[in-house]
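Here the structure is laid out as structure tokens; the discussion comes afterwards.
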Amino acid sequence: MAIMKTKKFNKYIFEFLSIFLAVILAFALNNWNQNRKDRFAENKILSEINNGLTRDLKDIKENVSGHKMGLKAVNYFTKAIANKPVSKDSLIIYYFSLTRDFISIQNKSGYETLKSKGLELIQNDSLRTEIISIYEYDYNTLRKLEENYYELQFHESYFKEINYTLSKNFEFNQAKQITGITIPLEIENDKEKLILTYLLQIQSNRNFILQYYDQVENKIKELKLKIENELKR
């Protein structure tokens with residue numbers, strides 16, 4: 001009788017352990033599958049963010065180039081006001097570059113996908129923090145500077161007065177196309193001082209936004225490098 005009870009007890013223990021082991025294995029397998037899915041989703045989103053950052057760098061490069069051309073335009077018209085020789089062939093490009101404004105184009109689809117799935121999907125805390133910082137702070141600041149900051153709205157702030165004063169000295173051909181500018185300029189003394197202060201403001205503000213672009217560009221490059229290293233893991 002004792003032997004039979006022992007056999008039944010051993011049988012129950014075996015069945016219990018078998019069920020327990022099966023549950024543990026099933027739980028572990030489910031957890032492994034979930035981690036694998038999360039890792040796949042994380043890599044996919046990181047790749048999308050990385051591709052977006054690559055496009056953002058191209059957009060930044062174009063805006064930086066435009067602002068630098070604006071600085072050259074400031075130098076061109078400062079020389080013209082000082083009655084120094086300037087290239088007539090360059091007038092048109094500098095005329096349009098002087099007060100040209102820009103918008104900040106940002107490719108946020110990858111980041112928006114991440115937010116919809118939960119920021120915690122990025123397991124690397126440091127990487128997650130840098131991604132949030134770029135999109136929530138740096139990009140928003142850049143967009144506000146380019147599109148909302150009054151002193152950087154060059155066309156609205158300065159074009160009308162500059163154009164009214166300088167256009168009187170433009171040269172036109174028979175087809176009524178601008179061909180150059182007459183040196184020395186005919187500008188009243190008070191108007192000359194006003195235009196020179198505008199040129200100084202344009203120069204200062206373009207240098208300011210260029211410095212910020214440089215900071216953001218470096219942050220993007222550093223973030224891209226960290227994302228690419230994370231994808232290699």
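The residues on offer are Lys79, Lys11, Lys44, Lys5, and the sole one that is among the basic types (Lys, Arg), at pLDDT below 90, surrounded by 10 or more Cβ atoms within 10 Å (Cβ to Cβ) and part of a helix (DSSP H, G or I) is Lys11.
Residues considered: Asn207, Asn189, Asn169. Of these, the only one that is among the polar types (S, T, N, Q) and within 16 Å of Tyr94 (Cα to Cα) is Asn169.
The residues listed here are Phe154, Phe159; of these, the one that is touching a residue at least 24 places away in the same chain (Cβ under 8 Å), out of contact with any helix residue (DSSP H, G or I) (no Cβ under 7 Å at 6 or more places or on another chain), of a type outside the set (Gly, Ala, Ser) and surrounded by 15 or more Cβ atoms within 10 Å (Cβ to Cβ) is Phe159. The lone criterion from (1) free of Cβ contacts under 8 Å to residues at least 60 places away in the same chain; (2) in contact with a Lys or Arg (Cβ under 6 Å, 6 or more places away or on another chain); (3) assigned to a helix (DSSP H, G or I) left unmet by Asn107 is number (3). Take the conditions (1) at pLDDT below 95; (2) loosely packed, with under 13 Cβ neighbours inside 10 Å; Lys61 misses just one of them, which is (1).
Regarding Thr129, is this residue in contact (Cβ under 8 Å) with a residue 24 or more places away in the chain and either loosely packed, with under 14 Cβ neighbours inside 10 Å or polar (S, T, N, Q) (or both)?
no
In the range 163-199, the qualifying residues are those that are touching a residue at least 12 places away in the same chain (Cβ under 8 Å) and among the β-branched types (Val, Ile, Thr), and the one that is surrounded by the fewest Cβ atoms within 10 Å (Cβ to Cβ) is Thr182. Evaluate the following for Thr197: is it farther than 24 Å from Leu114 by Cβ and in contact with a strand residue (DSSP E or B) (Cβ under 8 Å, 6 or more places away or on another chain)? Considered against the rule, which asks whether it is farther than 24 Å from Leu114 by Cβ and in contact with a strand residue (DSSP E or B) (Cβ under 8 Å, 6 or more places away or on another chain), Thr197 comes out as no. Evaluation of Glu120 against the conditions (1) part of a helix (DSSP H, G or I); (2) surrounded by 14 or more Cβ atoms within 10 Å (Cβ to Cβ) shows that the sole unmet condition is (2).
From Ile132, Ile105, Ile122, grab the single residue that is farther than 22 Å from Phe159 by Cβ and either modelled with pLDDT of 95 or more or in contact with a Cys (Cβ under 9 Å, 6 or more places away or on another chain) (or both).
Residue meeting the stated conditions: Ile132.
The residues on offer are Asn75, Asn63, Asn83, and the sole one that is more than 20 Å from the chain's Cα centre (by Cα) and touching a residue at least 40 places away in the same chain (Cβ under 8 Å) is Asn83.
The values are calculated or read from the model by the stated rules, or taken from the named source; none is laboratory data. Bear in mind the structure is a predicted one, so any value in this text is a computation, not a measurement. Note that we place each Cβ from the backbone using ideal geometry, even for glycine, and neighbour counts take in every protein chain shown.
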